[in-house]
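Below is one structure, written out as structure tokens, with a few remarks after it.
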Amino acid sequence: MGKLDGRVVVITGAARGQGEQEARLFAAEGARLLLGDVLDEQGAQVAEDIAKEAGADRVRYVRLDVGSEADWAAAVAAAKESFGRIDGLVNNAGILRFNELVSTPLEEFEQVIRVNQIGAFLGIKAVAPEIGAAGGGTIVNTSSYTGLTGMAFVGAYAATKAAIVGLTRVAALELAAKGIRVNAMCPGAVDTPMANPALLDPAGPSPEATEAMAELYRRVVPLGRAGQPAEVARLALFLTGPDSSYITGQPFVIDGGWMAGVSVL
């Protein structure tokens, strides 16, 4: 028996990184999945891999631009067509841009807001009524360490992630009566292509770059390393499954101890 047997969960940004690992773990725990992303080739491949392991009737991939209300409506329709209902949502999709705040173009700031903040809002708006109609369930939003403490040169990202914490708390209050729990994950440094674009290079990051990044995390993270996407996926599983049945409205930090103290670079 898996922890998510019988559950139908929508996961955004499922083509790679944390979303991919959440999809694979949730499938292994018995969930049926509607996976969404704008990276169609990669997203379809993740769905195909899961279908081979769990069965073609257990997973479906759709193109989902989380900033598009029409795309959300189509995703909800696809999930209901394939699985009959929706019991859970993981708002994972997000983008990161590095820039000094006063040098950030308005267009760039708005782009980050559209994906990270508006995407989570539209996901809740589109999916929460379906979860309520199914008798209750869970929503897990992806915030960030930076949404709680701030970080230089990621102003747009930090602003949206702070907004997600507030959105999570309001949604938890408003949706509790419908049996819907809403929580947020706040990862620190996680070894994904978003945080480390060198991972997208077919040749991979250079040994020098890899060592420099590892040395940075040894200095600033008490546990001495970056997190792995699979570790974040396990937190998402906890917040989606029955083990967190009395938890709602909370941000969960998963950062190797980074926020526990101040490190000097």
Odd one out for GLY166 among (1) farther than 14 Å from GLY249 by Cα; (2) under 17 Å from the mean Cα position of the chain (by Cα); (3) surrounded by fewer than 17 Cβ atoms within 10 Å (Cβ to Cβ): (1)
Output for the range 39-79, where each listed residue is among the aliphatic types (A, V, I, L, M) and under 16 Å from PHE26 (Cα atoms): VAL46, ALA47, ILE50, ALA51, ALA54, ALA56, VAL59, ALA79
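Test PHE83 against the criterion of being free of Cβ contacts under 8 Å to residues at least 60 places away in the same chain and open to solvent by 10 Å² or more (accessible area, probe 1.4 Å), and give yes or no.
Numbers: free of Cβ contacts under 8 Å to residues at least 60 places away in the same chain: no; open to solvent by 10 Å² or more (accessible area, probe 1.4 Å): yes.
Against the criterion (free of Cβ contacts under 8 Å to residues at least 60 places away in the same chain and open to solvent by 10 Å² or more (accessible area, probe 1.4 Å)), PHE83 does not qualify.
Yes or no, residue by residue, for (1) among the β-branched types (Val, Ile, Thr); (2) open to solvent by 10 Å² or more (accessible area, probe 1.4 Å):
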position	(1), (2)
VAL112	yes, no
ASN116	no, no
GLY123	no, no
VAL127	yes, no
TYR145	no, yes
Residue in the range 206-220 that is charged (D, E, K, R) and in contact with a helix residue (DSSP H, G or I) (Cβ under 9 Å, 6 or more places away or on another chain) present: no
Subset of the range 57-74 [under 18 Å from VAL8 (Cβ atoms) and free of Cβ contacts under 8 Å to residues at least 40 places away in the same chain]: ASP57, ARG58, VAL59, ARG60, VAL62, ALA74
Residues of the range 30-43 classified as touching a Ser or Thr at 6+ places or on another chain (Cβ under 9 Å) and farther than 22 Å from ASP71 by Cα, total: 1
Flag for ASP5 being charged (D, E, K, R), part of a loop (DSSP other than H, G, I, E, B) and either modelled with pLDDT of 95 or more or touching a Pro at 6+ places or on another chain (Cβ under 6 Å) (or both): yes
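Residue by residue, here is whether (1) surrounded by 24 or more Cβ atoms within 10 Å (Cβ to Cβ); (2) within 17 Å of THR192 (Cα to Cα) holds:
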site: MET1; (1), (2): no, no
site: SER68; (1), (2): no, no
site: ALA79; (1), (2): yes, no
site: ARG97; (1), (2): no, yes
Positions within the range 206-257 being open to solvent by 80 Å² or more (accessible area, probe 1.4 Å), free of Cβ contacts under 8 Å to residues at least 12 places away in the same chain and in a helix (DSSP H, G or I), in sequence order: PRO207, GLU208, GLU211, ARG218
Residues that are under 18 Å from ASN141 (Cα atoms), assigned to a helix (DSSP H, G or I) and of a type in the set (A, V, I, L, M), drawn from the range 12-45: ALA23, LEU25
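Can you tell me which residue is farthest from the chain's Cα centre (by Cα) among those in the range 111-129 that are among the polar types (S, T, N, Q) and under 15 Å from VAL165 (Cβ atoms)?
Across the range 111-129, the extreme among qualifying residues is GLN117.
Quick one: is ALA54 in contact (Cβ under 8 Å) with a residue 60 or more places away in the chain and surrounded by 15 or more Cβ atoms within 10 Å (Cβ to Cβ)?
Working: in contact (Cβ under 8 Å) with a residue 60 or more places away in the chain: no; surrounded by 15 or more Cβ atoms within 10 Å (Cβ to Cβ): yes.
No.
The values are calculated or read from the model by the stated rules, or taken from the named source; none is laboratory data. Given the structure is predicted, the values throughout are model-derived calculations rather than measurements. Using ideal geometry, Cβ is built from the backbone for each residue, glycine included, and neighbour counts are taken over all protein chains shown. Please note that ligands, DNA and RNA were not included when accessible areas were found on the heavy atoms of the full protein model with its side chains. Shrake-Rupley method; radii C 1.70, N 1.55, O 1.52, S 1.80 Å.
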